[in-house]
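So the structure is just underneath, and the comments pick up after that.
The values are calculated or read from the model by the stated rules, or taken from the named source; none is laboratory data. Everything numeric in this text was worked out from a predicted model, so none of it was measured. We place every Cβ from the backbone using ideal geometry, glycine too, and count neighbours over all the protein chains shown.
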Amino acid sequence: MKLDSTSLKIVSRLLMDGRLTHQALADEFNYSRPAIHQRINKLEGSGVIKGYKADVDFRKLGFNIETFVIVNIHTLDYNETISSILDLSEEGVYVEKVFRITGENCIMVKLLVASTEHLRKFHDKILKIEGLVETNTMMVMQEEDNVFEGRFAQEDADE
């Protein structure tokens, strides 16, 4: 779906603060509240806006280490392997997302853990999954947020 600059601005603002009211957006963009409401309904109806959720600081919940685990498997049943990986969430281990990827590797797991001990226990369990060949774990040292917001802002500035 091709969005005009106003719809892009609305999406950008909602990425920054999903709790903005239609009236606040209307005031900011000099539109009526019903016009903003109609645009947001269209964005939701087309699937551009899939929902609204809390932006949780997992560190405050005790998940101090963010990692990506690259997994190579030798099986054709990707769905079963992904399901097995998702089932490894437990106290101190949160499997946030599992991606099926292209290239030399098969699967990438975004994992949050409370400690390196929890990470070790996760590795002990993931290595028992049938068909798993190898893993490669990378710990996140720094993260930059809201990449798309910057892109939207840049696109807006170019108009």
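Here are some notes:
- Residue check for GLU159: modelled with pLDDT under 95, in contact with a strand residue (DSSP E or B) (Cβ under 9 Å, 6 or more places away or on another chain) and within 25 Å of LEU15 (Cα to Cα): no
- Residue check for LYS97: closer than 21 Å to LEU127 by Cα and of a type outside the set (S, T, N, Q): yes
- First in the stretch 79-92 and without any contact (Cβ under 8 Å) to a residue 12 or more places away in the chain, second anywhere and among the acidic types (Asp, Glu) and assigned to a loop (DSSP other than H, G, I, E, B), Cβ under 9 Å, 6 or more apart: GLU80/GLU130
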